[in-house]
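*Asks:* Right, I'll just put the structure down here and ask away after.
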Amino acid sequence: MALGSNTKFYETPNHPYQGERIADESNLKGRYGLKNKEELWRAQSELRGYRREARKLLGSTEGTDLEAEEFLARLKRYGILNEQDQLDDVLSLDVTDVLERRLQTVVYRKGYANTPEQARQFIVHGHIELDDARVTRPSMKVDVAVESSVGFDENSSLSDELHPERAEAQE
């Protein structure tokens, strides 16, 4: 599918002025270093899609075991679900489960940056690599299998451990 200029991958809130929702969104935006609320709405839409698919698989009866296993395997590969979680656990997921798997959050949690905002900057400026490839998309979902390969690009000035902007890595 080609991406058109008018294609949206998220839904905006139904009621634009709800103080509690706005406060919650601002809190998440700050905690995960999101550029704007659109990134949060994308994560919420992604989560809605997961829940919708889980409800569809739970509700249907004819031969969906393979589909359900593939769906669960995909969520487990991304680290959104744990290995022992089942299909009905998808319905209790929170948007933070999706936000935790973003490259920006992984870089911050691994201790390569002092703040989520700094992690975003390192990624956008090309200082971070994943699986020996430079990545510049902070919103990229990181598979659990390649999470250990997140690090500084060897050609980056930040690969020097004495660089003043570099945080103490918590491997």
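The values are calculated or read from the model by the stated rules, or taken from the named source; none is laboratory data. Since the model is a prediction, treat every value here as computed from it, not as a measurement. Every residue, glycine among them, receives a Cβ derived from its backbone with ideal geometry; neighbour counts consider all protein chains shown. For the accessible areas, the whole protein counts, side chains as well, though only heavy atoms, and no ligand, DNA or RNA atoms are used. Shrake-Rupley method; radii C 1.70, N 1.55, O 1.52, S 1.80 Å.
*Asks:* In the list Phe71, Phe9, which residue meets the criterion of being aromatic (Phe, Trp, Tyr), under 18 Å from the mean Cα position of the chain (by Cα), open to solvent by 100 Å² or more (accessible area, probe 1.4 Å) and on the phi < 0 side of the Ramachandran plot? Outline the logic, then answer.
*Replies:* Values: Phe71 fails: open to solvent by 100 Å² or more (accessible area, probe 1.4 Å).
When all the criteria are applied, what remains is Phe9.
*Asks:* Of all the helices (runs of 4 or more DSSP H) wholly in the range 33-117, which have at least 3 residues that are without any contact (Cβ under 8 Å) to a residue 24 or more places away in the chain?
*Replies:* On the way: elements: 37-59, 65-78, 95-99, 103-109.
Passing ranges, in order: 37-59, 65-78.
*Asks:* Which residues, counting only those in the range 141-163, are within 15 Å of Ala119 (Cβ to Cβ) and part of a helix (DSSP H, G or I)?
*Replies:* Glu147, Leu158
*Asks:* Okay, next question. If Val144 satisfies every condition in (1) aliphatic (A, V, I, L, M); (2) open to solvent by 50 Å² or more (accessible area, probe 1.4 Å); (3) touching a Ser or Thr at 6+ places or on another chain (Cβ under 9 Å) but one, which is the exception?
*Replies:* The single condition Val144 does not satisfy is (3).
*Asks:* On the basis of being farther than 21 Å from Pro116 by Cβ, of a type outside the set (A, V, I, L, M, F, W, C) and surrounded by 13 or more Cβ atoms within 10 Å (Cβ to Cβ), does Arg102 make the cut? Steps first, please.
*Replies:* On the way: farther than 21 Å from Pro116 by Cβ: no; of a type outside the set (A, V, I, L, M, F, W, C): yes; surrounded by 13 or more Cβ atoms within 10 Å (Cβ to Cβ): yes.
Against the criterion (farther than 21 Å from Pro116 by Cβ, of a type outside the set (A, V, I, L, M, F, W, C) and surrounded by 13 or more Cβ atoms within 10 Å (Cβ to Cβ)), Arg102 does not qualify.
*Asks:* How many of the residues making up the range 110-140 are open to solvent by 60 Å² or more (accessible area, probe 1.4 Å) and touching a helix residue (DSSP H, G or I) at 6+ places or on another chain (Cβ under 8 Å)?
*Replies:* Of the range 110-140, the ones open to solvent by 60 Å² or more (accessible area, probe 1.4 Å) are 114, 117, 121, 124-125, 131-132, 134, 136-137.
In the following step, the residues that additionally are touching a helix residue (DSSP H, G or I) at 6+ places or on another chain (Cβ under 8 Å) were identified as 131-132, 136-137.
So the answer is 4.
*Asks:* What do you reckon, is Ala119 under 19 Å from Ser159 (Cα atoms), touching a Pro at 6+ places or on another chain (Cβ under 9 Å) and of a type in the set (A, V, I, L, M)?
*Replies:* Values: under 19 Å from Ser159 (Cα atoms): yes; touching a Pro at 6+ places or on another chain (Cβ under 9 Å): yes; of a type in the set (A, V, I, L, M): yes.
Taking the combined requirement at face value, the residue satisfies it.
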